[in-house]
Amino acid sequence: MLTRKHIILPVIGFVAGTVACLPMLASAQSDDSLAERMDRLEREIQEREETGFAFNGYARSGILSNDEGRRGVGGPFSTPAGSVGGAVGRLGNEPDTYYEAYLTHRSIASNGTRTRFTAMIADSLESNNDWTADVGNLNTRNVFVELSHLPSFSGAFENSTIWAGKRFDRDNFDIHWLDSDVVFLAGTGAGIYDVQMADAWRANFSLYARDFEEESGDVEVYIGTVNNFVGNWQWMLNGISAPRNRDDGVGGGGEAPANTGVQTMLAYHGDSFFGLSDGFFKVALLYGARLGAEVKVLGGDANLQDDAQALRLAIYGTTYLSENWRLAPAIFAEASQDRYVEDDDYRWLTLNMRLVREITSNFELAFEGTWQTMDLEPEGYLDRNAVDGDFYKFTVAPTFKPEVGGFFQRPEIRVFASYTDWDSALNDYAADDAFGSDGFTGGQWQFGAQTEIWF
Amino acid sequence: MLTRKHIILPVIGFVAGTVACLPMLASAQSDDSLAERMDRLEREIQEREETGFAFNGYARSGILSNDEGRRGVGGPFSTPAGSVGGAVGRLGNEPDTYYEAYLTHRSIASNGTRTRFTAMIADSLESNNDWTADVGNLNTRNVFVELSHLPSFSGAFENSTIWAGKRFDRDNFDIHWLDSDVVFLAGTGAGIYDVQMADAWRANFSLYARDFEEESGDVEVYIGTVNNFVGNWQWMLNGISAPRNRDDGVGGGGEAPANTGVQTMLAYHGDSFFGLSDGFFKVALLYGARLGAEVKVLGGDANLQDDAQALRLAIYGTTYLSENWRLAPAIFAEASQDRYVEDDDYRWLTLNMRLVREITSNFELAFEGTWQTMDLEPEGYLDRNAVDGDFYKFTVAPTFKPEVGGFFQRPEIRVFASYTDWDSALNDYAADDAFGSDGFTGGQWQFGAQTEIWF
Amino acid sequence: MLTRKHIILPVIGFVAGTVACLPMLASAQSDDSLAERMDRLEREIQEREETGFAFNGYARSGILSNDEGRRGVGGPFSTPAGSVGGAVGRLGNEPDTYYEAYLTHRSIASNGTRTRFTAMIADSLESNNDWTADVGNLNTRNVFVELSHLPSFSGAFENSTIWAGKRFDRDNFDIHWLDSDVVFLAGTGAGIYDVQMADAWRANFSLYARDFEEESGDVEVYIGTVNNFVGNWQWMLNGISAPRNRDDGVGGGGEAPANTGVQTMLAYHGDSFFGLSDGFFKVALLYGARLGAEVKVLGGDANLQDDAQALRLAIYGTTYLSENWRLAPAIFAEASQDRYVEDDDYRWLTLNMRLVREITSNFELAFEGTWQTMDLEPEGYLDRNAVDGDFYKFTVAPTFKPEVGGFFQRPEIRVFASYTDWDSALNDYAADDAFGSDGFTGGQWQFGAQTEIWF
């Protein structure tokens, strides 16, 4: 028989158990709001990651000296072939401070459209001094806006990005070890990226303007670009127009500067090291005629003639040879004719190899060897003389870095010694270039220290 | 009768129930600290929102070309009247890249005082090239500190902000569509904002210095300002003093450059579109004498004479005509006499209208029409000739933006075509201005693409 | 006797009590994940504090006018002694806008190595105008990378930081009130900080390069530095080499410019105000010979002769005299001979004192008195004349700041009046310096307003 006790006792148990839980109940109620506050905070943090300010950059800075204690001579384009784009290896070969600071603002509209604004300032300094107002080159290289995720865009344009302003094109790419872009499309203009032409085919379209005459701006150059991507393949086609170049152009010793040009590039971006091992490789074949015979800096040379032609090849990649050895070879070559003067002829070929032995997680030994052969017949252009000969450079660079593990891990802080030599014939090419200048006639060591970073 | 069992049993129930809750109890205890940690985190996040670094900016960049493929000629001040401040519509009329990057640091002292430091760099580039070290204009336009919320300030000063340094005055305002400030007070100085003179009356006081001779700095100009705000009304009074201008001034062809000046502005900042519909409107009437006859850029013209006078009117606003049509008209006019030479006389009037049809959430069609009439009698100043005539411009600009919805929604990416024409008499005004120059004699189309952003 | 009821009833109580807690149980489970999310968020926030972008800066900006309304003349180095480093007090004595903006990116590698990249731009402007493209000095003063916490570094190097690039040395220090560094090591190079030589002894080693000829860069200067710290003591030793200076140097009127130099500094960094009260004091004795006779800016003077010698002393500190009075005295003196011409002789001594009365938490009155005596015998160098005389300056500066409480609390917004006078003999020192120039011949008041900040 159930008595009152039989009811009272469990009630006491229930009440007591519940009361013991009461402090928790209070906190449990605030838990709900805690979770909500946490959600809001996480969203806020996430949003700040994707919007607002972003800082990116590239920099190199250091010293290069010869064995007399004078500033070293160097740079990837310091050989005679460099005057027509023939770069050599950059390691232990750079006397300058150069940096780019990207200041970016990002926002997301309530309809989901994403905005990116970027201003980029850069400076190039030969001076080692800390105050360079008189000799510095601080200037603005990029000021542009990109819009993406536009809800009004559908079909082929669904994933497209539109842009306008002054910029380096998004899809430029370079051979880092030679400090040379394979293609460098830049200027002021507008365009659209990532139009989906077919399932596996996307394309960029753009119009860039540049100036042959910086001051007066009377001779503008227009570069119209179609840049196609199908799988690993890229096919780029550029038409160049500078209608006033023949009449009003700066000429610079040339005879019949071209008003138009065409350039095209076929490239393969490989996911492995030539199918042999992990890593990557790239092959690019470039052809240009008339103003397009400057096949890298599109619309960058006012003095090219109507008959000018150039064919350029770039092959490079990186891989690990073993757990601790990395390898990065590059081939870069060009043949061009009738560039600035009838019958001129420029041929050069660069073989470059960077080899790195990782020693500890913070230290590695980098080696770089470059051989460049050139046969240049300028036919008197800019009082330059025909030369035929070879250049080579060997560099060893003990290198500190935050963490070894790849060719593109930065920053690096390195000391280095470079030996360069060349056929003395190359000293005759030009009176105003480095080769043959006081104290730089071949067969010398140069020394230095440098840092390099990108982020 | 209650036996021990009757006590023991519910106690067992209580204990067991409580024990079952123990894991919760543990988490409940950590709940307290969770809430505390959340509080701290939210405070920290909030503080970071209000302190530390902030990035703001303005930018426009694009290309403007004529139908011969040359760089287009333009700019809001390219007409003869532009030489004395007569702006025309900017849409499809700007050939440059211009940007301002504001780098700001904010902090809050333990007593609550708020500090804001801002440095602003700007560049103006006609060149379309990506490397502009030789022709660029990168420079510092603002370096100043503001202090607000000072606990020592009370009474009329309780909500005041004090500042010193180089800056654009906080309360400048502009007619965006004409790219002309109504008043532009800027230079290096110090001042106080928001002194509460009476219940509805607040005032700013400041002293700015500028230089007529940039290099030597011998001729300094001082601008003392009282800027009053009562409801929607603003009354600004400026006294200008350049004691050495008559003796040492740059003169520039003038006869008796003034040493002093006065400028005043009465403005109404309307909360609706002239009381007719939602939107805003502003009316400003400006008068200046002697150095104050440059009524916009205060202390900005060294060559004004003792008899110089100017009267300027600005009326503008924006509204929606219907759900998808926006309208922004502007009237801008000035009459001035005895500016640089006795009996010279400058009169100009600009009517401008921007009209926009919103098509999708990302796209709109913008139209702009400008008519400017001018009657300028420079009496030989700077070898300029008297001209009398009209200018007009019509622009259509298909425009992409993150989200339509107002005249001040940015960024925009636009392509445009502009037709400009003018009375051929205007070509004779000056030998060194755009009008009448090679290929720019009236009746031409110009084309381009441009982005514009502020944030 | 225990019946089933005796068991069942409390069990029901237990179950019911527990079930009542179930909603809490659910939230308790989510508590675990809440705590985890909180942990993650706190880590993320913390990481963002230590990595990514950081903005730091220094700025001063304001106006300085004489009683004729012309730009004031001034600057800590405007006296004849200033031409050889003899600074005077800076308060109410600066006519310029100067700022430094440090843009820093920090990251932490997965192995713990920390990276810091800093680019610093600076501008120095005499012009009060807001557009200074033609007269500005915007330039890049620092571009460097530091690596620290390298796991591969152990023993003496465990806490070391390595760096390379263009920079101001980390361990430079200055007498703020005179705007003079005690030692200023800067340029482009590489080095290591904080090598633990023994228990209480750490040392920095570095090699900096500078240029005597900015344009050609033919005359490089190298500064090798060992900088030792033992307790409060610092001993710095610098060797300077510019092997081409005698043959190719800029010379500048000198006779036999030196190719080498040596400089050394012994300094004591005191933790109290000379042992008398709270605060700090520093004493530094510097000696240099040949190129080292410029004892402050290491490698900064190309024209020093082989016999040049200099001995410099700096003593300064700060303390509170009472609750509201602060005191900061400084002694700065140098004797040097045979600097630029045989038998030239330069002697100067500066006594400076800043005294501050704190009035409210936002306001204080600052006073500064300077007396400088000099006896300069340039022996015709740069057509300068021998002078012997005294200079003094007295300044009063009502000062607003976010919070009073120390000599290094910034920002400050101040107005000021300065009286300067000097022996008229000093006007004869040089034709191209400020002393004796039009309107600046001694015995005058100057007025102004200025802000100063660092963060």
- [ ] Being over 27 Å from C:Ala59 (Cα atoms) and more than 9 Å from chain B (Cβ to nearest Cβ) narrows it down to one of C:Gly442, C:Gly405, so name that one.
- [x] C:Gly442
Task: Yes/no for A:Met265 being in contact (Cβ under 8 Å) with a residue 24 or more places away in the chain and under 30 Å from A:Tyr320 (Cα atoms) - done: yes
Task: Residues that are surrounded by fewer than 21 Cβ atoms within 10 Å (Cβ to Cβ) and either in contact with a helix residue (DSSP H, G or I) (Cβ under 8 Å, 6 or more places away or on another chain) or part of a loop (DSSP other than H, G, I, E, B) (or both), drawn from region B:307-327 - done: B:Asp307, B:Gln309, B:Leu321, B:Ser322, B:Glu323, B:Asn324
TODO: Go through region A:208-245 and count every residue that is more than 9 Å from chain B (Cβ to nearest Cβ) and modelled with pLDDT of 95 or more.
DONE: 18
Task: Qualifying position, being in contact (Cβ under 8 Å) with a residue 60 or more places away in the chain and of a type outside the set (Lys, Arg), among C:Asn128, C:Asn159 - done: C:Asn128
Task: Residue within region B:420-427 that is touching a residue at least 24 places away in the same chain (Cβ under 8 Å), part of a loop (DSSP other than H, G, I, E, B) and open to solvent by 40 Å² or more (accessible area, probe 1.4 Å) present - done: yes
Open item on the list: Of everything in region B:341-393, what is more than 30 Å from A:Leu150 (Cα to Cα) and of a type in the set (Phe, Trp, Tyr)? Give them in sequence order.
Closed with: B:Tyr346, B:Trp348, B:Trp371, B:Tyr381, B:Phe391, B:Tyr392
Task: Checking C:Phe435 against (1) farther than 24 Å from B:Ile192 by Cβ; (2) open to solvent by less than 10 Å² (accessible area, probe 1.4 Å); (3) at pLDDT 95 or above, the condition it does not meet - done: (3)
TODO: Any chance you could count how many residues in region C:361-405 are farther than 21 Å from C:Thr451 by Cβ, in a loop (DSSP other than H, G, I, E, B) and among the hydrophobic types (A, V, I, L, M, F, W, C)?
DONE: 1
Task: Enumeration of residues in region A:328-348 that are part of a strand (DSSP E or B) and in contact (Cβ under 8 Å) with a residue 60 or more places away in the chain - done: A:Ala328, A:Ala330, A:Phe332, A:Glu334, A:Ser336, A:Tyr346, A:Trp348
TODO: Go through region A:406-419 and give me each residue that's in a loop (DSSP other than H, G, I, E, B), open to solvent by 60 Å² or more (accessible area, probe 1.4 Å) and closer than 16 Å to C:Ile162 by Cα.
DONE: none
Open item on the list: Looking at (1) out of contact with any Gly (no Cβ under 6 Å at 6 or more places or on another chain); (2) part of a strand (DSSP E or B), which one does A:Asp247 not meet, given that it meets all the others?
Closed with: (2)
Task: Positions within region A:163-204 being facing another protein chain (nearest Cβ under 9 Å) and either open to solvent by less than 10 Å² (accessible area, probe 1.4 Å) or in contact with a helix residue (DSSP H, G or I) (Cβ under 8 Å, 6 or more places away or on another chain) (or both), in sequence order - done: A:Trp163, A:Ala164, A:Gly165, A:Lys166, A:Arg167, A:Ala186, A:Gly187, A:Thr188, A:Gly189
Task: Selected residue [basic (Lys, Arg) and within 30 Å of C:Pro398 (Cα to Cα)] from C:Arg106, C:Arg116, C:Arg90 - done: C:Arg90
TODO: Exactly one condition in (1) in contact (Cβ under 8 Å) with a residue 60 or more places away in the chain; (2) among the hydrophobic types (A, V, I, L, M, F, W, C); (3) within 13 Å of chain B (Cβ to nearest Cβ) is not met by C:Ile359; state its number.
DONE: (1)
Task: Positions within region A:390-405 being open to solvent by 30 Å² or more (accessible area, probe 1.4 Å), farther than 29 Å from C:Ile108 by Cα and not hydroxyl-bearing (Ser, Thr, Tyr), in sequence order - done: A:Asp390, A:Phe394
TODO: Taking C:Asn159 as meeting all but one of (1) open to solvent by 20 Å² or more (accessible area, probe 1.4 Å); (2) within 12 Å of chain A (Cβ to nearest Cβ), write down the number of the exception.
DONE: (2)
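The values are calculated or read from the model by the stated rules, or taken from the named source; none is laboratory data. Quantities reported herein were computed from a predicted structural model and do not represent experimental measurements. So basically every Cβ, Gly included, is an ideal-geometry build from the backbone, and we count neighbours across all protein chains shown. These area figures cover heavy atoms from the full protein model, side chains too; ligands, DNA and RNA do not enter into them. Shrake-Rupley method; radii C 1.70, N 1.55, O 1.52, S 1.80 Å.
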